[in-house]
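Here's the structure, in structure tokens; my notes come after.
What follows draws every value from the coordinates through simple rules; no lab data is involved. Keep in mind that what you see is a predicted model, and the values were worked out from it rather than measured. Heads up, the Cβs are rebuilt from the backbone with ideal geometry, glycines too, and the neighbour counts pull from every protein chain shown.
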Amino acid sequence: MENLDEFVNRFSKSVGSYYHQCDSGIFSLKKVNTDIRGAQRVFAWVEERQTKGLFKVGTYYHLAEEAGVIDLADGEKSNMNWGIPGVFYNVKKSSTREDFQKAVKALRAIFLLK
């Protein structure tokens, strides 16, 4: 079964983004391939939900709204980072089906925002 590292590698390639492992063990998706803080343009985070057998991709609510993909979200997070509301997309482990495609579509649209 797919682990978090493998999923993030596959998912970021499908989105067209870069990724970085955070100290907390989750991964950030970023628009710029750099390790310089503040220059990465991070737009999402990926974490594993082992007890549920899925990966959770979170992003800011305002980015999903601006990209027109808010309706694809599986739920909302009230306190993502710095008290800013967020949304998330769930993908089952090793999935290539609808849940994976929906999350890729949403995050790709956000990635392409200027």
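Residues with amide H under 5 Å of Cys22's amide H, sequence separation 5 or more or different chain, H placed in the peptide plane at 1.01 Å from N; which?
Phe27, Ser28
Please give the length that would be gained between Glu2 and Lys114 if that part of the chain were fully extended, namely 0.36 nm times their separation in residues minus their C-alpha to C-alpha distance (nm, one decimal). Don't skip to the end; give the middle numbers.
Values: separation 112, 0.36 × 112 = 40.32 nm, distance 3.20 nm.
Length gained between Glu2 and Lys114: 37.1 nm.
Lys and Arg at +1, Asp and Glu at -1: add these up for the other residues within a Cβ distance under 10 Å of Ser14 and post the number.
On the way: positive: Arg10, Lys13, Lys105, Arg108; negative: none.
Taking every other residue near Ser14 into account, the sum is +4.
Please report the spacing between the Cα centers of region 45-103 and region 1-28 in Å, no decimals.
Each part's Cα centre sits 13 Å from the other's.
Nothing charged except the Cβ atoms of Lys and Arg (+1) and of Asp and Glu (-1): what's the magnitude of the dipole of the chain about its Cα centre? Round to the nearest 20 debye.
On the way: 17 positive and 14 negative charges, 49 e Å.
Here the size comes out at about 240 debye.
Which net charge results when you count Lys and Arg as +1 and Asp and Glu as -1 among the other residues whose beta-carbon is under 13 Å from that of Gln101?
+4
Out of every Cα pair in the chain, what percent are spaced more than 19 Å from each other?
Across the chain, Cα pairs with separations above 19 Å total 39 percent.
Taking H as built 1.01 Å from N, whose amide H comes closer than 5 Å to the amide H of Val42, not counting residues under 5 places away?
Lys31
When the chain is fully extended, how far beyond the present Cα-Cα distance does Asn9 get from Asp71, taking 0.36 nm per residue of separation? Can you show the working numbers first?
Details: separation 62, 0.36 × 62 = 22.32 nm, distance 2.53 nm.
Separation in residues times 0.36 nm, less the Cα-Cα distance, equals 19.8 nm.
Sum -39500 (n - 2.57) across every DSSP H segment of at least 4 residues in the chain, then divide by the residue count to get the 222 nm mean residue ellipticity, nearest 500. Kindly include the intermediate steps, with their values, before the conclusion.
Numbers: 3 runs with 33 residues, N = 114.
Calculated mean residue ellipticity at 222 nm is -9000 deg cm²/dmol.
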